[in-house]
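Presented below is the structure to which this report refers.
The values are calculated or read from the model by the stated rules, or taken from the named source; none is laboratory data. Quantities reported herein were computed from a predicted structural model and do not represent experimental measurements. Neighbour counts run over all protein chains shown; Cβ positions are idealised from the backbone, glycine included.
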């Protein structure tokens with residue numbers, strides 16, 4: 001379970017499909033993990049067209065496997081009757097050691113697994129970045145909003161000083 005290499009979690013060749021911006025507001029993100037995802041051909045084509053989102057998605061462990069629940073990939077327009085179901089559960093591909101480590105941390109610490117980002121890597125394969133997360137309470141959310149507002153005001157002041 002390695003952290004993403006660069007600041008912001010991006011690698012040089014990665015092309016974002018979608019980000020779950022709400023995850024960092026709702027949860028305290030502890031560790032990240034890059035997973036593959038099992039998709040059909042029409043799902044990959046639909047991802048290239050855009051419109052996917054991870055807003056209410058989460059990951060669960062079922063029978064020793066990691067599954068993405070609630071991720072939305074819109075139907076592909078040119079697929080006719082062979083189209084995929086937009087909200088179906090999708091299997092995430094990770095090594096057994098990584099899945100076992102996640103399972104142990106979820107059971108002992110009361111954490112959850114949240115997808116934070118979906119992207120195409122250098123080889124044009126779809127990857128999902130999931131994070132081990134702890135839910136924030138109302139105070140933590142207010143603190144996050146306050147920090148964001150202060151950073152925005154500081155940046156605004158710095159921009160006014162430069163001109």
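Scanning the stretch 107-140 for residues that are surrounded by fewer than 14 Cβ atoms within 10 Å (Cβ to Cβ) and over 26 Å from residue 64 (Cα atoms) returns 122, 123, 124, 137, 138, 139. With the requirement that a residue be without any contact (Cβ under 8 Å) to a residue 60 or more places away in the chain and more than 28 Å from residue 97 (Cβ to Cβ), what does the stretch 18-39 give you? If the condition is that a residue be without any contact (Cβ under 8 Å) to a residue 60 or more places away in the chain and more than 28 Å from residue 97 (Cβ to Cβ), then 21, 22 are the ones that fit.
Return yes or no: is residue 100 surrounded by 11 or more Cβ atoms within 10 Å (Cβ to Cβ), at pLDDT 90 or above, out of contact with any strand residue (DSSP E or B) (no Cβ under 6 Å at 6 or more places or on another chain) and over 27 Å from residue 17 (Cβ atoms)? Considered against the rule, which asks whether it is surrounded by 11 or more Cβ atoms within 10 Å (Cβ to Cβ), at pLDDT 90 or above, out of contact with any strand residue (DSSP E or B) (no Cβ under 6 Å at 6 or more places or on another chain) and over 27 Å from residue 17 (Cβ atoms), residue 100 comes out as yes. Just so you know, in the stretch 16-27 the residues that are in a strand (DSSP E or B) and surrounded by 15 or more Cβ atoms within 10 Å (Cβ to Cβ) include one that is nearest to the chain's Cα centre (by Cα), and it is 19. The residues of the stretch 62-75 that are within 13 Å of residue 47 (Cα to Cα), in contact with a strand residue (DSSP E or B) (Cβ under 7 Å, 6 or more places away or on another chain) and in a loop (DSSP other than H, G, I, E, B) amount to a single one, 71. Residue 93 - would you say it is more than 13 Å from residue 47 (Cα to Cα) and in contact with a helix residue (DSSP H, G or I) (Cβ under 6 Å, 6 or more places away or on another chain)? In short, no.
All conditions in (1) within 30 Å of residue 142 (Cβ to Cβ); (2) under 12 Å from the mean Cα position of the chain (by Cα); (3) assigned to a strand (DSSP E or B) hold for residue 56, with the sole exception of (3).
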